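Undergrad: Submitted below is the structure of interest, expressed as structure tokens.
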Amino acid sequence: MSMHIEISIRRQTLTLSDDSGQVLRCYPVSTAKNGPGEVSGSFCTPRGRHLIRAKIGTGEAVNTVFSARRPTGEIYGKELAERFPQRDWILTRILWLSGCEPGRNRLGRVDTMRRYVYIHGSPDTTPMGCPGSIGCIRMRNADIVELFDLVPPYTPVDILED
């Protein structure tokens, strides 16, 4: 069974559907505080057709902290949060996105993958359902674990402004 992910920037949701269009899961997410946009350095969430290029974090503990797509050996908690209040936490699992539309979200100054845009876990205190990220799609840890286990690499992902 093939699957498809649709992310709505307006509704702040991620919907997983099967190839017949049947909705399998729907999750609240948090996209970019700066809104939609594709240019490198904009801290915006890129629009258009993407795919999951890499799945990172298989078997890691919930709240595992990632830096440059590698586990740091830390587990997120109150003490780390207080020590690094400005850190943009990437936790638990990473689905690394790659754009499929040259000139829109692939290659040059608009390359989603080179911008390191992910679907990833966040601290459980991070608000969902409202924009707040610096470009990525943030999810609750339990939700990213469930999604990560359901989708294979190269699953199509459409990010819509709607």
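Undergrad: Which of the numbered conditions does residue 60 fail, given that it passes all the others? Conditions: (1) part of a loop (DSSP other than H, G, I, E, B); (2) under 14 Å from the mean Cα position of the chain (by Cα); (3) surrounded by 18 or more Cβ atoms within 10 Å (Cβ to Cβ).
TA: (2)
Undergrad: Would you check which residues across segment 120-144 are in contact with a Ser or Thr (Cβ under 6 Å, 6 or more places away or on another chain) and either charged (D, E, K, R) or part of a helix (DSSP H, G or I) (or both) and list them?
TA: If the condition is that a residue be in contact with a Ser or Thr (Cβ under 6 Å, 6 or more places away or on another chain) and either charged (D, E, K, R) or part of a helix (DSSP H, G or I) (or both), then 138, 141, 144 are the ones that fit.
Undergrad: Same structure, new question: Suppose the filter is part of a strand (DSSP E or B), polar (S, T, N, Q), out of contact with any Lys or Arg (no Cβ under 8 Å at 6 or more places or on another chain) and touching a residue at least 24 places away in the same chain (Cβ under 8 Å); does residue 92 pass it?
TA: Here the answer is yes, as residue 92 does meet what is asked.
Undergrad: If you don't mind, there's one more thing I want to ask. Looking only at segment 1-48, how many residues end up being open to solvent by less than 40 Å² (accessible area, probe 1.4 Å) and either among the small types (Gly, Ala, Ser) or modelled with pLDDT under 95 (or both)?
TA: 8
Residues checked against (1) touching a residue at least 40 places away in the same chain (Cβ under 8 Å); (2) open to solvent by less than 10 Å² (accessible area, probe 1.4 Å):
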| site | (1), (2) |
| --- | --- |
| 50 | yes, yes |
| 71 | no, no |
| 81 | yes, no |
| 98 | yes, yes |
| 122 | yes, yes |
| 128 | yes, no |
| 143 | yes, no |
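Undergrad: From the list 80, 24, 51, which one is within 24 Å of residue 149 (Cβ to Cβ), over 16 Å from the mean Cα position of the chain (by Cα) and of a type in the set (A, V, I, L, M)?
TA: 24
Undergrad: Moving to a separate point now. Which of the residues that make up segment 84-138 are among the hydrophobic types (A, V, I, L, M, F, W, C) and touching a Gly at 6+ places or on another chain (Cβ under 6 Å)?
TA: 91, 94, 117
Undergrad: Here's another thing I want to ask about it. What number goes with the only condition from (1) under 13 Å from the mean Cα position of the chain (by Cα); (2) at positive phi that residue 108 does not pass?
TA: Residue 108 satisfies all of (1) under 13 Å from the mean Cα position of the chain (by Cα); (2) at positive phi except (1).
Undergrad: Additional query: Residue under question is residue 115, and the condition is that it be at pLDDT 95 or above, more than 25 Å from residue 142 (Cβ to Cβ), assigned to a loop (DSSP other than H, G, I, E, B) and open to solvent by 30 Å² or more (accessible area, probe 1.4 Å); does it hold?
TA: Judged against the criteria, residue 115 is a match.
The values are calculated or read from the model by the stated rules, or taken from the named source; none is laboratory data. All figures in this text were calculated on a predicted structure; none of them were measured in a lab. Backbone-built Cβ (ideal geometry, glycine too); neighbour counts: all protein chains shown. Surface accessibility is based on the protein's heavy atoms, side chains included, excluding ligands, DNA and RNA. Shrake-Rupley method; radii C 1.70, N 1.55, O 1.52, S 1.80 Å.
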